[in-house]
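Worksheet: one structure, shown below.
The values are calculated or read from the model by the stated rules, or taken from the named source; none is laboratory data. The structure displayed is predicted, hence computed values, not measured ones. Neighbour counts run over all protein chains shown; Cβ positions are idealised from the backbone, glycine included. Accessible surface is based on the protein model in full, side chains and every heavy atom, while ligands, DNA and RNA are left aside. Shrake-Rupley method; radii C 1.70, N 1.55, O 1.52, S 1.80 Å.
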Amino acid sequence: MKPLPIRARLTLWYFSILATGLLAFALIILAALHHAVHRTVDIQLRDHMAAIRRIVREDSNRTLTALHHDLNEDVELAPDLTLLQIWGQDGQIVYRSAAMNGMQVPDSPPQLLDHPVTRKYGHHPLRELVQKVPASQTDYTVMAAIPVHDFVEAIEQVESTLWIAIPLLLLLAAAGGYWVAGRALSPVRSMITAADAIQPGDLAARVVVPMAEDELQQLALTLNRMLGRLQAGFERITRFTADASHELRTPVALLRTRAEVLLRRPRSAEEYRSAIEASLDELEKTSCLLEELMLLARADVGAETLHFADVNLTELVRATAAVAESLAEAKHLHWSVTLPPQPVHVHGDEGALRRLLLVLIDNAVKYTPECGSVQLALHGSGAAVKLEISDTGIGIGEEDLPHIFERFYRADQARTRATGGAGLGLSIGQWIVQKHGGTLTVESTLASGSVFCVTLPHAALLR
Ligand code: ADP
């Protein structure tokens with residue numbers, strides 16, 4: 001079965017709780033009324049029975065006529081207690097007060113009663129007490145009674161008032177509850193309307209946060225925080241797509257222009273060759289860029305997987321540095337590599353770590369003018385493995401430092417594509433380091449050099 005809407009459920013709960021409360025209240029009131037009436041009447045009844053007992057005992061030898069006389073006197077003195085009937089030992093009625101005549105009390109002596117009870121004779125409810133009263137020659141069965149018709153009627157009236165008032169009250173309360181539930185849920189409705197109106201192109205919109213510090217305020221704040229994250233993600237993707245298309249447009253335009261110029265007139269074989277070589281160079285750069293873009297896109301959706309294994313980092317740094325040394329030599333850079341005497345191991349993806357090293361070494365060489373120096377140092381002692389790549393290059397300005405790990409960010413925007421890359425190397429490097437549970441930090445001073453520091457957990461610590 002489909003669950004009821006929250007507003008109806010709230011009302012139903014409210015109605016059930018109130019109905020139970022009111023029902024219990026009515027039952028308690030009625031029980032208290034009965035108890036109060038019985039207590040008052042029972043005291044009178046017991047007092048009356050004690051008085052009869054005294055009268056009978058006063059003179060046990062008197063004649064029945066004398067007893068009648070004394071009892072009549074007593075009955076007249078207490079006009080409220082006029083219902084009295086006495087049976088002799090033989091079961092014959094020896095006395096019946098005048099008021100008792102109208103009642104349909106049986107002629108035979110009733111059962112003795114320790115406690116007063118209420119019985120109905122015809123239309124007359126009586127509270128009665130039947131007890132044995134011993135006299136000198138015989139035992140009497142005395143029935144003293146008080147009419148409780150008025151009390152019963154009053155209680156019945158209260159009862160019927162309650163049974164009419166309670167359903168009316170419940171109906172009223174349920175309608176009120178439904179209205180209150182509607183009002184309480186109105187912020188949710190406005191949040192739904194606001195959230196519904198938010199379009200992919202307008203993620204800056206937010207839902208209204210209610211003033212009261214409650215769950216609804218929490219819900220609105222959570223929704224707004226989620227919208228903030230979505231907006232940031234959406235903007236990042238939009239920027240990434242725009243930057244990527246911009247980066248790809250440049251080589252395509254270059255190749256096209258070169259081909260058009262080449263075709264304008266017949267060329268010598270040498271000219272064709274050099275144009276094709278230049279185009280090939282450009283195409284290589286572009287396919288590198290495409291490969292980097294694909295890697296980042298796959299990393300974003302978690303599709304890029306690394307294959308972790310034990311990696312001898314000392315060996316990896318040595319081999320990579322040997323490959324990169326030729327780059328430094330071409331620029332006449334002072335090149336130094338410091339490795340620890342014992343092999344340092346990390347748990348990682350060898351290919352990815354090689355790529356990270358190449359990015360950092362390539363940058364150090366690229367951004368250090370001729371005759372500068374580039375140093376690589378690996379430290380394996382202590383809790384973490386530390387790899388430092390320092391250069392005496394152009395450095396990075398304070399305002400650029402926080403952004404250099406962003407995609408497509410280049411500290412010097414005017415730098416040509418020939419010297420600088422697309423601004424993706426450090427983003428990829430940082431992603432690799434994060435995947436290895438490490439950190440990548442930088443310290444740099446403009447015009448005096450930079451130090452990039454990679455910290456990775458020791459393989460031994462991960463086991
Ligand atoms: P790029 O391909 O442009 O080098 P990176 O992501 O590797 O992209 O680096 C981002 C930017 O950080 C670079 O454009 C450069 O401005 C700055 N940068 C990185 N490494 C160095 C360095 N060793 N010295 C000076 N600037 C650096």
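For segment 242-368, what are Rg and Dmax over the alpha carbons, in angstrom?
So, for segment 242-368, Rg and Dmax equal 19.9, 64 Å respectively.
Once the piece of chain linking HIS334 and LEU230 is laid out straight, how much longer is it, given 0.36 nm per residue of separation minus the C-alpha distance between them?
Result: 32.7 nm gained on full extension.
How large is ³J(HN,Hα), in whole Hz, for each residue of segment 231-243 in order, when computed from phi with the Karplus curve 6.51 cos²θ - 1.76 cosθ + 1.60 and θ = phi - 60°, using x for Gly and Pro?
4, 4, x, 4, 5, 4, 5, 4, 5, 4, 5, 5, 5
Output ³J(HN,Hα) for segment 46-54: one whole-Hz value per residue in order, computed from phi by the Karplus curve 6.51 cos²θ - 1.76 cosθ + 1.60 with θ = phi - 60°, and x for Gly and Pro.
Result, ordered by residue: 5, 4, 5, 4, 5, 4, 4, 4, 5 Hz.
Near the amide H of SER373, under 5 Å away, which other amide H atoms are found, from residues 5 or more places off or on another chain, if H is placed in the peptide plane?
HIS334, THR392
log10 I(q)/I(0), Debye, Cα-only segment 309-462, no solvent, q = 0.11, 0.13, 0.15, 0.17 Å⁻¹?
Taken in order of the listed q values, log10 I(q)/I(0) reads -0.40, -0.56, -0.76, -0.97.
Defining a contact as two alpha carbons under 8 Å apart and six or more residues distant in sequence, what relative contact order in percent does the chain show?
Rounded, it is 9 percent for the chain.
Mind checking the full-extension length gain between ILE93 and ASP300? Use 0.36 nm per residue of separation minus the Cα-Cα distance, one decimal, nm.
This chain segment gains 63.8 nm when fully extended.
Calculate the dipole size of the chain relative to its Cα centre from +1 charges on Lys and Arg beta carbons and -1 charges on Asp and Glu beta carbons; express the result in debye to the nearest 20.
Using only the charged Cβ atoms, the result is roughly 1100 debye.
Ranking request for peptides 380-393, 104-117: highest mean number of other beta-carbon atoms within 10 Å first, then the rest in descending order.
380-393, 104-117
Measure out, as a whole number of angstrom, how far apart the alpha-carbon centroids of segment 1-59 and segment 217-293 sit.
87 Å
If we count every other residue with Cβ under 13 angstrom of ALA31's Cβ, Lys/Arg +1 and Asp/Glu -1, where does the sum land?
Around ALA31, the charge tally is 0.
Quick one: which residues, 5 or more positions from TYR121 or on another chain, have an amide H under 5 Å from its amide H? H modelled 1.01 Å from N in the peptide plane, none for Pro or chain starts.
Amide H neighbours of TYR121, under 5 Å, 5+ apart: LEU126.
So how strong a dipole does segment 215-300 carry about its Cα centre when Lys and Arg Cβ are +1 and Asp and Glu Cβ are -1, to the nearest 20 debye?
The dipole magnitude comes to about 300 debye.
Taking the solvent-accessible surface of protein heavy atoms with a 1.4 Å probe, what is the per residue accessible area of the chain in Å²?
Per-residue value: 59 Å².
Lysine pairs, Cα distance under 29 Å, 8 or more residues apart or cross-chain: how many in the chain?
Eligible lysine pairs with Cα atoms under 29 Å apart amount to 9.
So if R0 is 35 Å, what FRET efficiency would VAL323 and GLU399 give, r being the distance between their Cβ atoms, rounded to the nearest 0.05?
So the FRET efficiency works out to roughly 0.55.
For LEU172 and ASP139, FRET efficiency with R0 = 60 Å and r from the beta-carbon atoms, rounded to 0.05?
0.45
Quick one: helix 186-197 against the long Cα principal axis of the chain, what's the angle to the nearest 10°, folded into 0 to 90?
Roughly 30 degrees between the two axes.
Pull up all non-local amide H partners of ALA422: gap of 5 or more, or a different chain, and H-to-H distance under 5 Å with H placed in the peptide plane.
Those lying under 5 Å, H to H, from ALA422: there are none.
Over the chain, what percent of the accessible surface lies on carbon and sulfur atoms, probe 1.4 Å?
Reported share for carbon and sulfur atoms: 60 percent.
Taking a quarter of the surface of the convex hull around the Cα atoms of the chain, what do you get in nm²?
Average of the hull's projected areas for the chain equals 47.3 nm².
For segment 99-116, what does the Karplus curve 6.51 cos²θ - 1.76 cosθ + 1.60, with θ = phi - 60°, yield as ³J(HN,Hα) per residue in whole Hz, taken in order and with x for Gly and Pro?
5, 6, 4, x, 8, 9, 6, x, 6, 6, x, x, 5, 5, 10, 6, 10, x
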